[in-house]
Amino acid sequence: MLSLEGFLTKVGQAKVARAKALGQNIYLWQMTVSSRTPDGMQEHYRATIHQLKLKKGRVTARFVLPSGVGDWNIDQVGLLNRDGDLLALQSLPFLGKEEGIGSLLGGK
């Protein structure tokens, strides 16, 4: 498992600030994997978070990449809320995801 620092997006910063001000929770719902392209970002896969932990202000999220998806490279993961807003993003070292191999991907 990788352990790298992620960051809140501008949308994520605004949602967290609003939730703190109103005493509300933020609900992280899905993770996404993507790669950088010359034209920006290309999302490859999105799924419900398999495991989510909060410890000392750090979020650890994991989800499963099934064996039937792949044949692309991954260099970013993101966390999305129920509305599909990208709240946090984490860059990764260049990873390949081959079709036919299942993976448990996680980050902090």
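The values are calculated or read from the model by the stated rules, or taken from the named source; none is laboratory data. No experiment lies behind these values; they were computed from the predicted model shown. The accessibility values were calculated without ligands, DNA or RNA, using every heavy atom of the protein model including side chains. Shrake-Rupley method; radii C 1.70, N 1.55, O 1.52, S 1.80 Å.
Full extension of the chain between Asn73 and Asp85 gives 2.0 nm of extra length, using 0.36 nm per residue less the Cα-Cα distance. Annotation: Cα Rg of region 7-73 relative to the compact-globule expectation 2.2 N^0.38 Å equals 1.35. Accessible area of Arg18 (1.4 Å probe, protein heavy atoms only, ligands and nucleic acids ignored): about 150 Å². Taking Phe63, Phe7 and ordering them by how much accessible surface each has at a 1.4 Å probe, largest first, produces Phe7, Phe63. Once backbone amide H atoms are built at 1.01 Å from N, Ile49 has Gln30, Met31 as its partners under 5 Å, excluding neighbours fewer than 5 places away on the same chain.
Summarising the amide proton neighbourhood of Leu65: residues at separation of 5 or more, or on other chains, whose placed amide H is nearer than 5 Å comprise Ser103, Leu104, Leu105.
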